[in-house]
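The values are calculated or read from the model by the stated rules, or taken from the named source; none is laboratory data. For clarity, every value in this text was computed on a predicted model and none was experimentally measured. Note: ideal-geometry Cβ built from the backbone for every residue, glycine included; neighbour counts use all protein chains shown.
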Amino acid sequence: MFDFLKNKKTIYGITAIILLIIIAIVLTIKPWVKKPVKVVATQLGEMNILDSVISADNQDILYYDLDKLNLYKYNLKTKQQTQISNNFAFVPEDLIWSPDRSQVIVKIVNDKTKFQDQKSVFFNSNVEDNATMLWNYNLSTKKLALLNSEINNSIGASPHNPIWTTDSQKIIYSYADQNQTASLYTANPDGSGQQKIGDVPTDLYSIYIYDSKNKTVYYSTTIDQETETGQIYQYNLSTSKKAKIGINSNFGLAIDDHRFIYSDNENTKLYDITSNGQKTLPISLDTWRVAVSSNKNNLVVAIWNKDVGAYYIENINLQDFSVKKILNLDKGDAANYTNLNIDSNGNIFFVNNKNLFEIKN
């Protein structure tokens with residue numbers, strides 16, 4: 001009986017050791033972890049692109065052509081390029097597209113002599129030389145309208161000011177009067193119909209979201225030139241209460257009318273203004289290489305991997321924070337890998353060295 005029990009224990013012991021070895025092998029190999037899918041991006045046509053976005057119907061890529069010095073659209077089906085503006089003549093500092101892509105705010109530095117010589121539509125004798133101008137351009141009517149010159153939108157780290165409402169019907173912006181009192185305003189996209197919402201802190205620099213129901217603005221302060229970071233606050237215009245949300249932040253990006261992502265030290269967080277809750281994303285992002293899907297449920301981000309000399313395209317599900325990783329083997333300049341977009345079918349578009357590329361889903 002003793003020998004039987006002894007042998008039985010020996011068998012159990014051997015079995016346990018074998019199971020431990022199997023578990024160790026499985027954990028090492030991790031067969032359920034999918035390796036990044038290697039893809040080769042396809043270049044679409046010959047373009048020299050600045051600030052590309054995908055149209056609301058997912059049919060076109062809208063962009064500024066750095067060679068032709070005008071706005072264009074590239075049809076993804078017919079591969080045709082169509083000019084959609086006239087006599088811009090100069091390269092903008094920034095383009096702020098409306099959510100429905102029907103309008104765009106053009107940020108450009110005034111140069112009276114050159115603008116007049118080139119007959120640029122941006123020529124305005126009433127604006128000082130080297131001043132930052134913000135123009136609203138309506139793609140349907142082809143009309144330009146000069147926005148309020150006091151809107152805080154400097155040439156340095158570009159703030160989100162103005163921002164569009166999600167229905168593209170209004171713009172929201174802040175500016176300071178002669179007494180340096182900062183206020184928040186709403187207006188029609190062409191600057192008409194201006195209405196004051198209320199006074200805001202003088203350190204307001206970049207607007208993330210304005211919650212009209214609770215009269216609360218979420219914003220960042222001016223980015224410090226040495227640390228290249230700012231602070232993020234929540235400010236209620238009715239109660240004048242101010243609360244800090246994030247520190248050492250260098251970007252923020254609205255997902256929809258109630259969520260935004262922002263950097264907080266070395267993390268990227270998703271903030272929901274309806275619950276004041278926030279969660280840390282599984283990877284750290286920057287605003288130049290992030291796209292929000294049309295259904296607002298996913299983020300697509302490009303992350304440079306110096307070990308393999310290529311980009312990972314990562315698709316982050318904002319519901320469960322799962323990550324789908326794609327390895328793009330194109331070895332482009334990291335500084336020029338920008339303007340990510342994703343269509344309703346999951347096809348990814350990006351700009352590398354000013355050229356447009358596509359990764360098929």
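Worth pointing out:
- Conditions (1) more than 24 Å from S149 (Cβ to Cβ); (2) touching a Pro at 6+ places or on another chain (Cβ under 7 Å): number failed by I232: (2)
- I207 more than 24 Å from R101 (Cα to Cα), at pLDDT 90 or above and part of a strand (DSSP E or B): no
- Conditions (1) outside any loop (DSSP other than H, G, I, E, B); (2) touching a residue at least 24 places away in the same chain (Cβ under 8 Å); number of the one not met by Q116: (2)
- Subset of the range 269-304 [under 18 Å from F251 (Cβ atoms), part of a loop (DSSP other than H, G, I, E, B) and in contact with an Asp or Glu (Cβ under 7 Å, 6 or more places away or on another chain)]: I273, I283, S284
- Filtering the range 318-358 to residues that are surrounded by 21 or more Cβ atoms within 10 Å (Cβ to Cβ) and modelled with pLDDT of 80 or more leaves N339, L340, N341, I342, I348, F349, F350, V351, N352, L356.
- Filtering the range 90-141 to residues that are crowded, with 17+ Cβ neighbours inside 10 Å and at positive phi leaves only R101.
- Selection from the range 179-194 of residues that are among the polar types (S, T, N, Q), in contact with an Asp or Glu (Cβ under 9 Å, 6 or more places away or on another chain) and in a strand (DSSP E or B): S183
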